[in-house]
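Let me begin by presenting the structure, written as structure tokens, before commenting on it.
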Amino acid sequence: MADSWATEVPSDETADFAVGSDLHLELSGTGGVRASLMSALRDAVRSGRLAPGTRLPSSRSLASDLDIARNTVADAYAELVAEGWLTARQGSGTRVAERAVACEIRREPPAPVRRPTVRPAPTPVYDLMPGSPDVSSFPRASWLTAARKALTNAPNDAFGYGTHVAGRPELRRALADYLARARGVRAAPERILICSGLSEGLRLVGEVLGATARMPGAAPGADLVAVESFGLDIHRDLLTGCGLRTVAVGFDEQGPRTEELAATRARAVLLTPAHQFPFGVALPPERRAAAVKWAVETGGVVLEDDYDGEFRYDGQRVGAVQGLDPEHVVYMGTASKSLSPALRLGWLVLPERLFAAVAELKRRPGFQTSGLDQLTLAEFIASGAYDRHVRGMRQRYQRRRDQLIAALAERAPHIKVGGIAAGLHAVLELPAGTEQSVINGAAWQGLALDGLRRYRLGAGTGGDAAPYDDVMGDALVVGYGTPPDHAYTGALDALCRALP
Ligand SMILES: Cc1ncc(COP(=O)(O)O)c(C=O)c1O
């Protein structure tokens with residue numbers, strides 16, 4: 001007998017089949033229809049495909065979908081109820097019994113007891129890892145309002161595969177206005193390309209740079225990208241995955257020494273100018289100017305990662321480097337910190353010479369970004385909800401940062417804290433040699449913490465030594481944006497207890 005899809009009816013026997021959900025059953029064809037239906041249902045329960053409590057389709061709907069007699073289904077259900085696989089209650093329909101799976105699991109041989117030599121740390125109760133905003137503060141209500149309006153007004157083509165390779169025009173227009181106003185980016189909508197997070201944008205640009213470097217007659221160093229000595233290893237790996245090589249640019253307490261870029265012989269540089277990740281400093285004006293001057297003189301390009309530039313607390317707004325020279329800077333932004341990383345929405349503002357090649361790569365199957373989410377974000381920005389949300393979160397994160405500073409001043413005054421003017425994380429200097437033990441100790445107290453070492457170029461890979469040891473030795477990178485409000489005080493308390 002063929003595989004069949006039946007419809008699960010949510011309310012009662014007379015409910016419209018079309019509102020139910022599908023149930024896939026394979027009837028084996030041996031031992032009669034009733035027996036094979038029972039066996040298929042048992043298999044579905046046993047394998048966990050039908051979870052305990054799941055409501056089954058009515059006998060009428062299942063019979064109709066499987067093209068068998070209703071009585072056959074009713075008899076099979078009754079027999080499975082008698083066997084304990086299913087339950088049937090007036091008004092509640094036929095459901096998978098709560099203990100059906102447990103009975104089956106008990107038949108499995110008991111798992112051998114493993115005695116670990118090292119006990120694993122308990123699951124963290126508090127999370128101060130960097131990289132995440134407070135996801136409990138996602139503006140659910142105003143996002144839904146924007147989504148409703150965006151979907152109501154969307155043209156029919158928005159629900160199709162989409163012909164807008166570089167992104168929905170509504171979002172590109174909204175971003176052009178917003179980025180010019182809030183981040184000092186010089187962007188015509190035609191130069192904006194929407195991508196699935198900043199990391200996808202970096203990959204697209206990396207692929208174009210890699211392909212260019214492999215062309216006959218490519219300039220020497222065309223495959224070299226200068227990177228900050230401290231930064232996200234996943235971004236460096238993305239670039240090497242595109243056939244590029246990375247090289248460290250000198251680094252000190254003010255961030256990357258961009259005046260030394262020429263010495264790297266690279267043709268591109270990846271920077272986090274508004275808020276160096278993870279150190280948290282802003283690139284000084286003369287170093288911004290030096291980066292652009294280098295790009296102009298060498299025909300190179302600055303890749304500007306503006307991952308959390310919206311969050312600055314000292315009143316001194318730091319705009320985008322891109323505003324200095326849009327033809328030599330690729331600006332990369334994201335909704336991951338300002339709204340939610342789950343949206344997977346990011347944007348590139350590209351020089352004219354790169355736009356077509358990047359858009360061509362984005363055209364490949366598998367690289368599309370949800371058009372409906374783009375429309376919602378466009379509406380969210382255009383209605384002013386994005387500004388309101390960012391301003392509200394800025395105040396909230398600033399309060400948290402102040403709480404962190406106050407707690408350290410009171411309970412660990414010997415710990416120096418840096419990178420506090422912006423963003424969602426701070427750097428806490430530790431006595432030499434204590435970083436890993438502090439992280440391990442915190443884990444035992446249920447607190448997830450991150451250290452500085454893993455962000456060093458070459459860390460853990462035995463790769464290039466980078467000029468950083470004179471900058472800072474051991475440190476924690478504390479993500480004060482991560483916990484929900486109600487857990488923040490507890491997290492700070494656990495942090496202070498974990499510090500040496
Ligand atoms: C330095 C830096 N850049 C960019 C991002 C955001 O990447 P995406 O937009 O792919 O989530 C992150 C996220 O953690 C980050 O730490």
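The values are calculated or read from the model by the stated rules, or taken from the named source; none is laboratory data. Given the structure is predicted, the values throughout are model-derived calculations rather than measurements. Cβ coordinates were reconstructed from backbone atoms using ideal geometry, including for glycine residues, and neighbour counts include every protein chain displayed.
Computed values, structure above
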read-out: Pairs with Cβ under 6 Å, 6+ apart, first in segment 299-312 and in contact (Cβ under 8 Å) with a residue 24 or more places away in the chain, second of a type in the set (Lys, Arg); value: Gly300/Arg267; Tyr307/Lys337; Asp308/Lys337; Gly309/Arg183; Phe311/Arg394
read-out: Those residues of segment 323-348 which are in a helix (DSSP H, G or I) and out of contact with any Lys or Arg (no Cβ under 7 Å at 6 or more places or on another chain), in sequence order; value: Pro341, Ala342, Leu343
read-out: Filtered residues of segment 264-284 (kept if away from the ligand (no atom under 16 Å from the Cβ) and in a loop (DSSP other than H, G, I, E, B)); value: Arg265, Ala266, Arg267, Pro284
read-out: Filter result for Ala166 (under 23 Å from the mean Cα position of the chain (by Cα) and hydrophobic (A, V, I, L, M, F, W, C)); value: yes
read-out: From Ala385, Ala295, Ala320, residue being surrounded by fewer than 22 Cβ atoms within 10 Å (Cβ to Cβ) and aliphatic (A, V, I, L, M); value: Ala385
read-out: From the options Gly319, Gly418, residue that is over 28 Å from Val208 (Cα atoms) and at pLDDT below 95; value: Gly418
read-out: Count of segment 131-160 residues which are more than 17 Å from Leu343 (Cβ to Cβ), assigned to a loop (DSSP other than H, G, I, E, B) and either touching a helix residue (DSSP H, G or I) at 6+ places or on another chain (Cβ under 6 Å) or touching a residue at least 24 places away in the same chain (Cβ under 8 Å) (or both); value: 1
read-out: Single match in Leu204, Leu224, Leu238 (criterion: modelled with pLDDT of 95 or more and either of a type in the set (D, E, K, R) or crowded, with 23+ Cβ neighbours inside 10 Å (or both)); value: Leu204
read-out: Residue count, segment 63-99 (criterion: surrounded by fewer than 16 Cβ atoms within 10 Å (Cβ to Cβ) and part of a loop (DSSP other than H, G, I, E, B)); value: 8
read-out: Check on Ala218, assigned by TED's automatic domain parsing to the domain that holds His275 and surrounded by fewer than 14 Cβ atoms within 10 Å (Cβ to Cβ); value: yes
read-out: Residue within segment 247-263 that is within 16 Å of Gly299 (Cβ to Cβ) and assigned to a helix (DSSP H, G or I) present; value: yes
read-out: Neighbours by Cβ (under 9 Å, 6+ apart or cross-chain): first from segment 194-212, over 18 Å from Arg168 (Cα atoms); second part of a helix (DSSP H, G or I) and among the hydroxyl-bearing types (Ser, Thr, Tyr); value: Gly206/Thr240
read-out: Selected residue (criterion: nearest to Lys362 (Cα to Cα)) from residues of segment 182-214 that are assigned to a loop (DSSP other than H, G, I, E, B) and basic (Lys, Arg); value: Arg214
read-out: Scan of segment 333-361 for residues that are under 11 Å from Ile192 (Cα atoms) and within 9 Å of the ligand (Cβ to nearest atom), ordered by number; value: Gly333, Gly346
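Here is a yes/no grid of residues against (1) within 16 Å of the ligand (Cβ to nearest atom); (2) hydrophobic (A, V, I, L, M, F, W, C); (3) farther than 30 Å from Arg317 by Cβ:
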position: Ala218; (1), (2), (3): no, yes, yes
position: Leu224; (1), (2), (3): no, yes, yes
position: Glu228; (1), (2), (3): yes, no, no
position: Asp233; (1), (2), (3): yes, no, no
position: Gly250; (1), (2), (3): no, no, no
position: Arg257; (1), (2), (3): no, no, no
